[in-house]
Structures are given as C-alpha cells and as structure tokens.
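*Asks:* Below is a structure I'd like to ask you about.
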Amino acid sequence: MGRGGALSDSVVRKAFLAYAYVLIWITLSFTVIVYNKYILDKKMYNWPYPISLTMIHMAFSSSLAFLLVRVLRLVEPVSMSRELYISSVVPIGALYALSLWLSNSAYIYLSVSFIQMLKALMPVAVYSIGILFKKDPFKSDTMVNMVSISLGVAIAAYGEARFDSWGVFLQLGAVAFEATRLVMIQILLTSKGISLNPITSLYYVAPCCFAFLSLPWIFVEYPVLKESSSFHFDFVIFGTNSLCAFALNLAVFLLVGKTSALTMNVAGVVKDWLLIAFSWSVIKDTVTPINLFGYFVAFLGVAYYNHSKLQALKAAEAQKKAAQADEESGRLLEEREGDGLGRKNESQD
C-alpha cells in the first residue's frame, strides 16, 4: 500500500511538472508574440522598426547567454573550432536573422490570428526543403498531407478580412527561412554530432544574428531613427520584452528536456488557438468563419503529420531496441560458447 502510494505520488508529481512546463512555455510564447505585436503595430505602441527590435533581442540574449555559459558556468559550451563555426553556425545565424526580421515585420501588416494561420505552413516548408536537400525521402501520402495543409491555409487566406499581400509575402518568407534553418541544423550540426540546446544556441548564434542584422539596419532603419527626434528608448518596455524573449528560450529548454518535442508541438497548437481567440476578443481583429474553417483543415493536416512522425519515431525506437537485444543475445551466446570451449580444453589437458 505504501509503495503504491509512493508510486502514485511520483506519477502525480511528474504529471504536475509536465503541465507546469507546458503552461510556462505557452504563457511566455503567447506573451512574446502579443508584446512584439504591441510594440511594432502602428495603432498601438507605434514603433515599426522590426530590425531594431530583433537586434535588441539578440544583444540581450547574447549577453545573458554569455553570463550563463562563461561566467556562471551553468551551461557547458560546445567544443567548436573556428572553421566549424564559420562553415556551420554562420549560415544558420544568417537564416535565423532573416527569419526573425521578416516575421517581426509581418506584425506591422497582419493580424496576430492570421499570422498564426500562416505559420501552419511550417511542416510543408520543412518537408519540401528536406526533400530538396535530400534529407527526407519523397512519400506520396506525406505530400498529400502537405497539400491538405496548404489548402487549409489558402482557404484561411481567402477568408482574411485584412489581407495584405506584402504582409503575407513577409510571413511566408519568414517560414521559408526558418524551415531552411531547421534543415541546415540537421545537415551542418546534427550530422557532425554537435547538439545545441536553446542556451548554447543563443550563445553561438545570437552574436552572429546581431552582426547580420546590423547591415540592413544601417541602410533601412538607422536613417529613419536618426531623423526621429521624438523617440526615447524605453528601458522598461524593451527590457521586459527582451527578457520575455530570452525566458522563452529557457522555457523551450525545460519543456523539450523534461517532456518531449512532440509535447511542445501539441502545446503549440493550443497556443495558436488561444492567440486566435485573444486576437479576436481583445485586440478586436476580425476572424471570419472562412478563416476558422481553413485553419481547422490545416490544423487537422498538421495533427496527422505530428501523429505520423510520432509513429515513425516509435517504430525506429522499437527497431533499435530489438537490434540491441539481438546484439546482447549474440554476445551472451558467444560468451557461453567460449566458456564451454575453455572447459573442454581444460578437461582434455
């Protein structure tokens, strides 16, 4: 009875912690998205400088990541040569910079709800680019699923009340660059046995992002900011915004480390629906029935894609365990045969 009670308490505690990590991640992800929208939207805080905002995030994240890795030594750095950094991390940093720049720019032109609907295209982009770089095999059933997701997003776009073609172009560009970054991480880092958690990733990638973003910033936003004498840097607004963005990376580290990447995907779906509801009820963005129907079609496609990936991972894990069991059985059999042969030789002597 006592052991059963202890086991039950352990299960309850693990479940409670898992839900707590999910809640923290959803809250921070939700906050960062809404906060960025508030700062960039011309009808709200009215600071439409997405490159500057992203650079503030990168400078803040670089500083805190350096503190955690090099000063406090709470996270172990990865052994990496200069050649590897230039050939692998720098391209990933460039793609990340472009993805963040374009995705933050989209908040100026599109509603929060519609942006979440367009983000449903991420699996389509990752799979397509994976095929292009020969990281994923072409499968007709998976491609049909990708078409269903694309169709759902197209229906949602058709029903969008505040459709802005430039905003859609920016968000689709952000999805394409982010998908390319994820595939390139597999090609340039994972294949070489290098694994970066969110903190070490920021430690290596954030300074690189800052450097890349500074180039367009000098020509695009710096001249406008220089002419704008009315702006004064608000340390409370930008400090708390940057802190939320950094805390989100810590939450990703906790969520994936303590649960799984699949849990994060499921939590992401919940977050998207909450953002759509918030965008409609609080920000007063228009969400049409066609919007919702299209996103629901895309949502079903994404859910099926995640389910298929989970089944594939389970099958691969089962195959790996079976191979390990066979290897262990073979080793034990060889040891027994060796012992038998040794005893036979001893009896002959």
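*Asks:* Give me the dipole magnitude in Debye, nearest 20, for segment 1-151 about the Cα centre, with unit charges on the beta carbon: positive for Lys and Arg, negative for Asp and Glu.
*Replies:* Charge dipole, segment 1-151, about its Cα centre: 160 debye, nearest 20.
*Asks:* Read through the labelled values (i) -0.90, -1.21; (ii) -0.99, -1.31; (iii) -0.82, -1.09 and report the label of the one computed as log10 I(q)/I(0) by the Debye sum over Cα atoms at q = 0.12, 0.14 Å⁻¹ from the structure.
*Replies:* (ii)
*Asks:* What is the P(r) of segment 181-237, as percent of Cα-Cα pairs per 5 Å bin from 0?
*Replies:* Each 5 Å bin holds this share of Cα pairs: 4, 14, 14, 16, 16, 11, 9, 9, 5, 2, 0.
*Asks:* Now, a different point. How high is the relative contact order of segment 116-218? Use alpha-carbon pairs under 8 Å, at least six apart in sequence, and give a whole percent.
*Replies:* Relative contact order comes out at 38 percent.
*Asks:* Return one whole number: the accessible area per residue of the chain in Å², for a 1.4 Å probe.
*Replies:* 56 Å²
*Asks:* I need the phi-derived Karplus couplings for segment 76-85: 6.51 cos²θ - 1.76 cosθ + 1.60, θ = phi - 60°, integer Hz, Gly and Pro marked x.
*Replies:* With the stated coefficients, segment 76-85 comes to 7, x, 9, 6, 8, 7, 5, 4, 5, 4 Hz.
*Asks:* Could I ask something else about it? At what distance in nm do the modelled label points of Arg82 and Leu23 sit from each other, each positioned 7 Å from its Cα along Cα→Cβ?
*Replies:* 5.0 nm
*Asks:* Per residue, how much space in cubic angstrom lies within the convex hull of the C-alpha atoms of segment 1-112?
*Replies:* 174 Å³
*Asks:* Another question, if that's okay. Report the far tail of the P(r) of segment 142-194, meaning the percent of Cα-Cα pairs longer than 13 Å.
*Replies:* I get 71 percent for the Cα pairs in segment 142-194 exceeding 13 Å.
*Asks:* Same structure, new question: If you place +1 on the Cβ of every Lys and Arg and -1 on the Cβ of every Asp and Glu, how big does the dipole about the Cα centre of the chain come out, in debye to the nearest 20?
*Replies:* So the magnitude is around 480 debye.
*Asks:* Report, please, the projected area of segment 54-105 averaged over directions, based on the convex hull of its C-alpha atoms, in nm².
*Replies:* It is 4.1 nm².
*Asks:* Now for a different question. So what is the calculated 222 nm ellipticity per residue for the chain, using -39500 (n - 2.57) for each DSSP H run with n of 4 or more, over all residues, to the nearest 500 deg cm²/dmol?
*Replies:* -27000 deg cm²/dmol
*Asks:* For segment 1-139, what's the relative contact order in percent, using C-alpha pairs closer than 8 Å and at least 6 residues apart?
*Replies:* After rounding, I find 25 percent.
*Asks:* Something else: Could you rank the peptides 120-131, 277-288 by their average count of other C-beta atoms within 10 Å per residue, with the highest value first?
*Replies:* Ranking the peptides 120-131, 277-288 by packing returns 120-131, 277-288.
*Asks:* Here's something else I'd like to know. How high is the relative contact order of the chain, in percent, counting Cα pairs under 8 Å that sit 6 or more residues apart?
*Replies:* Averaging sequence separation for qualifying contacts and normalising by length gives 31 percent for the chain.
*Asks:* Cut-off 20 Å, label point 7 angstrom out along Cα-to-Cβ of Phe278: give me the residues of segment 13-27 whose amide nitrogen falls inside.
*Replies:* Those under the cut-off are 19-27.
*Asks:* Across the Cα atoms of segment 76-218, what radius of gyration and what greatest pairwise Cα-Cα distance (Dmax) are found, in Å?
*Replies:* In Å, with Rg to one decimal and Dmax whole: 16.8, 51.
*Asks:* Over the Cα atoms, compute the radius of gyration (one decimal) and Dmax (the largest Cα-Cα distance, rounded to a whole number) for segment 149-282, in Å.
*Replies:* Rg then Dmax for segment 149-282, in Å: 18.6, 50.
*Asks:* Of all accessible surface on the chain at a 1.4 Å probe, what whole percent is carbon and sulfur?
*Replies:* 66 percent
*Asks:* A further question on this structure: Once you place label points 7 Å from the Cα toward the Cβ at Phe233 and Lys192, how far apart are they in nm?
*Replies:* The answer from the label model is 3.4 nm.
The values are calculated or read from the model by the stated rules, or taken from the named source; none is laboratory data. Given the structure is predicted, the values throughout are model-derived calculations rather than measurements. Here Cβ is always computed from backbone atoms with ideal geometry, including for glycine, and neighbour counts include all displayed protein chains. Side chains are part of the model used for accessible areas, which takes the heavy atoms of the whole protein and leaves out ligands, DNA and RNA. Shrake-Rupley method; radii C 1.70, N 1.55, O 1.52, S 1.80 Å.
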